[in-house]
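Read the structure below first, then the notes.
The values are calculated or read from the model by the stated rules, or taken from the named source; none is laboratory data. Quick caveat, the model's predicted, so the values are computed rather than measured. Backbone-built Cβ (ideal geometry, glycine too); neighbour counts: all protein chains shown. Heavy atoms of the whole protein, side chains included, go into the accessibility calculation; ligands, DNA and RNA do not. Shrake-Rupley method; radii C 1.70, N 1.55, O 1.52, S 1.80 Å.
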Amino acid sequence: MIDLNTMVDPGQGRNDPRIYTDQDVYQRELEYVFGRTWLFLAHESQLPKPGSFIQTYMAEDPVLVVRQRDGSVKAFLNQCRHRGMRICRSDAGVSKAFTCTYHGWSYDLEGNLINVPLEERAYRNEIDKSEWGALKVPRIANYRGFYFGTWSQETPEFEDYLGDMAFYFDAVVDRFDGGLDLAPGTTKWVIDCNWKFAAEQFASDMYHVPVSHASGLTALSDGLEVTAPLPSLEMPGRQFGGNGHGSGGFFSQERASRPPFIGEATYAWLRSREKETAERLGIDRAHKVHNHNTVFPNFSWLGNGFWTMRVWHPRGPGQIEVWSWTYLPKNAPAEVRAEIRQMTQRTFSPAGSFETDDGENWTEIQRNLRGYKARHNTFHTGMGLGHEEYDVHGLPGESNDVFAEHAARSFYRRWSDLVKGKSWTEIQESDKTRALSMSERP
Ligand code: FES
Ligand SMILES: [Fe+2]
């Protein structure tokens, strides 16, 4: 059995690769990480009216997210209390109630059991339906139209959980007057890799971009009059990491002309909105490119030109289901919205030119870890270790150079504290101590 106390060492920049393969670790993740963190459930645009629902997962647990008659959003385990079928098997829709397709138990929009077939004959009217409702997700948070849920009463309030990451999340979700919506439908695919490779990369890894995506960038630039595609190796830039979250590439790069992955109409529209964006976010935050991001544990997105959001649903230690959406500025002209969807399909989708680069790396690593020696060969996560700074360059919280693994270490620190079973009170105490010691550094 892997030693939970030494499996990751963010202070030294070391990871034991068995954290990506071990079944016991995985079972602890389901209970102590996914059971005690805020998980993305839905965006408000997916639940337009009373009775609107979507089906999703909180890690491996199926849940239904439902707009109530009073406009609020509730969620419950999509599992019938009779023998455990999914109560609802549609991906999304509008309904007045949900009826299990096995024996027909029915549940209302909140998940209360409201009908069992043959109640008089089969149950002699002796079943107390009020006791047999679906398991409710006890806490739901709505952050700027994004709904998150947690099973735990102990998890801090969502804003506290987000901490300094709010600044980076807002840079995308609060960017446009009128907000965002998600293009209808969810694109889903399977990658044979551990979920942490994906979540960590989106939190932290700008280092792979010039290498892994070199061919995709070249192909996309072909024949277009464009500036050098991102990122230049000299660009000044930072990465944020805190509370387990990460904003992996927040950097200043002047875009004198259109990058290859942004369509013409979109580019012109974005330029025309520059003043508005600067007013909303401040000029610095508006103009900086802020690329990949993860809200711990498994909700990620790309900014500035790659309009994708996704959840990395774990499926055992060696597999994920990616559920992804294209997010769109609600008030953008139809032509721009169509172009964004097309460009996002071209870059980040199952067949996208960059997406496939990433998936290939993660699958290959996972395959290597079948080897006994490979699985016991420590990984180096020490890039930029000791060079973190606090509240610098107008960026809140702990940041480091854009080419660093600071956010990865923050991710693994939070992950291991949770997997070990530390309480949220303990975790928050150590966060405070760390912030204090960082802010007092010369
Ligand atoms: S499993 Fe749902 S009614 Fe029997
Ligand atoms: Fe990538």
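Roughly to the nearest percent, how much of the accessible area of the chain is carbon and sulfur, given a 1.4 Å probe?
With neighbouring chains kept in place, the figure for the chain is 47 percent.
Mean separation of Cα pairs under 8 Å and 6+ residues apart, divided by the residue count of the chain: what relative contact order is that in percent?
Values: 888 pairs, mean separation 91.3, N = 442.
With pairs under 8 Å counted, the relative contact order is 21 percent.
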Exercise for the section: Choose one of 395, 410, 343: the residue whose Cα lies farthest towards the positive end of the charge dipole of the chain (beta-carbon charges +1 Lys, Arg; -1 Asp, Glu; about the Cα centre). Expected result: 343
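FRET efficiency for residue 127 and residue 101, Cβ-Cβ distance as r, R0 = 22 Å, nearest 0.05?
Details: r = 20 Å, r/R0 = 0.89.
It comes out at approximately 0.65.
Relative contact order for the stretch 39-143: what percent, with Cα pairs under 8 Å and sequence separation of 6 or more? Walk me through the intermediate numbers first.
On the way: 200 pairs, mean separation 22.6, N = 105.
It rounds to 22 percent for the stretch 39-143.
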Handout entry: Dipole-positive endmost among 115, 95, 73 within the stretch 39-143 (Cβ charges, Cα centre)
Key = 95
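Mind giving me the FRET efficiency for residue 439 and residue 5? R0 is 35 Å, r the Cβ-Cβ distance, nearest 0.05 is fine. Each step should come with its number before you reach the end.
Numbers: r = 28 Å, r/R0 = 0.80.
The computed FRET efficiency comes out at 0.80.
Using a simple charge model, +1 on the beta-carbon of Lys and Arg, -1 on the beta-carbon of Asp and Glu, nothing else, what dipole does the chain show about its Cα centre, in debye to the nearest 20?
Once rounded to the nearest 20, the dipole reads 1060 debye.
Over the stretch 39-143, average the accessible area per residue using a 1.4 Å probe and give it in Å², no decimals.
51
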Problem - Overall form of the stretch 348-389 per C-alpha gyration tensor (a/c, 1.5; a/b vs b/c) - result: oblate
Completion exercise
With -39,500 (n - 2.57) per DSSP H segment of 4 or more residues and division by the full residue count of the chain, the 222 nm estimate, nearest 500 deg cm²/dmol, is -8000 deg cm²/dmol
Exercise for the section: Over the stretch 287-442, give the accessible area per residue in Å² for a 1.4 Å probe, as an integer. Expected result: 41
Fill in the blank from the handout: Checking the stretch 89-159 for trypsin sites (Lys or Arg not before Pro) in a loop per DSSP with at most 11 other beta-carbon atoms within 10 Å yields 96, 121, 124
Problem - Whole-Å distance, taken between Cα centres, linking the stretch 288-335 and the stretch 138-177 - result: 15
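Can you give the longest stretch of the chain with no exposed loop site, where a site means GluC sites (Glu not before Pro) in a DSSP loop (not H, G, I, E or B) with at most 14 other C-beta atoms within 10 Å? Display every interim value, and only then the final one.
Numbers: sites that count: 60, 119, 120, 126, 154, 157, 225, 234, 254, 440.
Between the exposed loop sites, the longest stretch runs 255-439.
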Completion exercise
Among 423, 268, 25, the residue whose Cα sits farthest towards the positive end of the charge dipole of the chain (+1 at Cβ of Lys and Arg, -1 at Cβ of Asp and Glu, taken about the Cα centre) is 25
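Magnitude of the Cβ-charge dipole of the stretch 238-356, K/R +1 and D/E -1, about the Cα centre, nearest 20 debye? List each step's numbers first, then the result.
Details: 15 positive and 10 negative charges, 19 e Å.
So the magnitude is around 100 debye.
Let me know the charge dipole size of the stretch 39-143 about its Cα centre in debye, to the nearest 20, where only the beta-carbon of Lys, Arg (+1) and Asp, Glu (-1) is charged.
Working: 14 positive and 12 negative charges, 28 e Å.
That gives the stretch 39-143 a dipole magnitude of about 140 debye.
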Fill in the blank from the handout: By the C-alpha gyration tensor axes a ≥ b ≥ c (rounded if a/c is under 1.5, else prolate when a/b exceeds b/c, else oblate), the shape of the stretch 1-147 is oblate
